[in-house]
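**Q** The following block contains the structure, expressed as structure tokens.
Taken together, the values in this text are just the output of simple stated rules run on the coordinates, not laboratory data. Treat the numbers as computed from the prediction; the structure is a model and nothing was measured. Cβ: placed from backbone, ideal geometry, glycine included. Neighbour counts: every protein chain shown.
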Amino acid sequence: MRIGIVGAGLLGTAVGLNLLRKGHSLTVYNRTRSKTAPLQKEGAKIVESPKKVSENSDIVFSIVKNADAVKKVAFGDECIACGKHDGLIVCDMSTINPISSKEIAKEFSNRGIPFLDTPVMGGPNVAITGELVMMVGGQKEIFEKCKPVFDDIANKVFHLGPNSSAHSVKIAMNLQIALLALAISEGITLARGANIDPEIFLKILNSTYFKTGMSENKAYKMLKGDYNPTFTLSNLKKDLDTINEAAKSYGLSLPMATRANQVYKDAEDKGFGELDYTAILDYLNKSSK
Ligand SMILES: NC(=O)c1ccc[n+]([C@@H]2O[C@H](COP(=O)([O-])OP(=O)(O)OC[C@H]3O[C@@H](n4cnc5c(N)ncnc54)[C@H](OP(=O)(O)O)[C@@H]3O)[C@@H](O)[C@H]2O)c1
């Protein structure tokens, strides 16, 4: 299958580089063209519009910031749907509200274009080697057609049910990321407050049942103040908005998700948005004194 990507941000670039290195043909559009340079260098064809991506591809992934951006590239001027042809399949890998995802799926269906929601867990560091975890919502037979491509992107692929079901699970996943980063950051801040070396805190935490991938890996970068982004704080805040909107629409009250949203919003307002989400530690250090 000829593959297309619309959105060459941190995730889209890593997914694209992995596909190129596995021998796939790749066509790419990004609103800011300069960001496509690494993909062009490795052989991707760079085009001027999402429409040109779909015209040149059998399967197109949108990997953009939020639901508004997905709608724009999918159905706006020179859009993905505008490049419709027989055999075109569209997949959305952005993290968006399941309600918006359902609307997007319906619009693609109205236009006769098969559509899957394909959000992922894992960042650019694992996308680059095809080791993401992918959740898929949409028709099983379309999923089966795309499965060989998905297997090159992710080492675990879960078909969850109809359109938008994957996004419903994905946002519950990102709530884990938001709260885990906060729990580790507050733990480190508390240890520092007691003049305990935070490395000791991590060493003990990592000797227990409560250790996580974050406490074993990323936490050490956090201690060094390395907040070079793999997933921006601003994008995690956007997901917390989505999580809280979804909870509200289900009639649920999630106190930690609500509070986390306020904390990440304040961090974003104070200029931490373009750093890695783990810079929430630096925000706490500066705001808790
Ligand atoms: N990074 C991760 O670890 C990770 C993991 C799983 C899921 N995700 C999700 O994947 C999506 C992309 O994440 P990312 O980390 O690649 O984000 P990013 O680096 O911030 O890139 C965002 C992308 O969206 C594009 N975009 C934003 N607004 C747009 C608009 N109105 N019209 C057209 N394009 C627009 C940007 O284009 P410009 O370059 O022109 O700004 C860029 O290509 C997000 O939904 C994110 O939550 C990310």
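**Q** Considering the stretch 218-236 alone, what residues qualify as being of a type in the set (D, E, K, R), assigned to a loop (DSSP other than H, G, I, E, B) and within 16 Å of the ligand (Cβ to nearest atom)?
**A** The answer is ASP226, and nothing else.
**Q** Look through LYS65, LYS84 and report the one residue that is within 14 Å of the ligand (Cβ to nearest atom) and charged (D, E, K, R).
**A** Step by step, each of LYS65, LYS84 is checked, and only LYS65 is within 14 Å of the ligand (Cβ to nearest atom) and charged (D, E, K, R).
**Q** Filter the stretch 37-60 for residues that are within 14 Å of the ligand (Cβ to nearest atom), assigned to a helix (DSSP H, G or I) and crowded, with 17+ Cβ neighbours inside 10 Å and give the result.
**A** LEU39, PRO50, LYS51, VAL53
**Q** Output the number of residues of the stretch 18-36 satisfying the condition of being of a type outside the set (A, V, I, L, M) and more than 10 Å from the ligand (Cβ to nearest atom).
**A** Residues meeting the conditions: 7.
**Q** Can you find a residue that is away from the ligand (no atom under 11 Å from the Cβ) and buried (at least 18 other Cβ atoms within 10 Å of the Cβ) anywhere in the stretch 118-128?
**A** Within the stretch 118-128, none of the residues are away from the ligand (no atom under 11 Å from the Cβ) and buried (at least 18 other Cβ atoms within 10 Å of the Cβ).
**Q** Scan the stretch 4-17 for residues that are touching a helix residue (DSSP H, G or I) at 6+ places or on another chain (Cβ under 6 Å) and away from the ligand (no atom under 11 Å from the Cβ) and jot them down.
**A** Of everything in the stretch 4-17, just one residue is touching a helix residue (DSSP H, G or I) at 6+ places or on another chain (Cβ under 6 Å) and away from the ligand (no atom under 11 Å from the Cβ), namely GLY4.
**Q** Another one. Tell me, which residue of the stretch 186-217 that is assigned to a helix (DSSP H, G or I) and among the aliphatic types (A, V, I, L, M) is surrounded by the most Cβ atoms within 10 Å (Cβ to Cβ)?
**A** By that ranking, first place goes to ILE188.
**Q** Return only the number of the condition from (1) touching a residue at least 60 places away in the same chain (Cβ under 8 Å); (2) in a loop (DSSP other than H, G, I, E, B); (3) surrounded by 21 or more Cβ atoms within 10 Å (Cβ to Cβ) that ALA8 does not satisfy.
**A** So the condition that ALA8 fails would be (1).
**Q** If you check every pair at least six apart or on different chains, which have Cβ atoms under 6 Å apart with a residue in the stretch 57-77 that is farther than 18 Å from THR27 by Cα first and a residue that is aliphatic (A, V, I, L, M) and outside any helix (DSSP H, G or I) second?
**A** ALA67/ILE96
**Q** Tally up the residues in the stretch 19-29 that are part of a helix (DSSP H, G or I) and either of a type in the set (A, V, I, L, M) or buried (at least 22 other Cβ atoms within 10 Å of the Cβ) (or both), please.
**A** Qualifying residue count for the region: 2.
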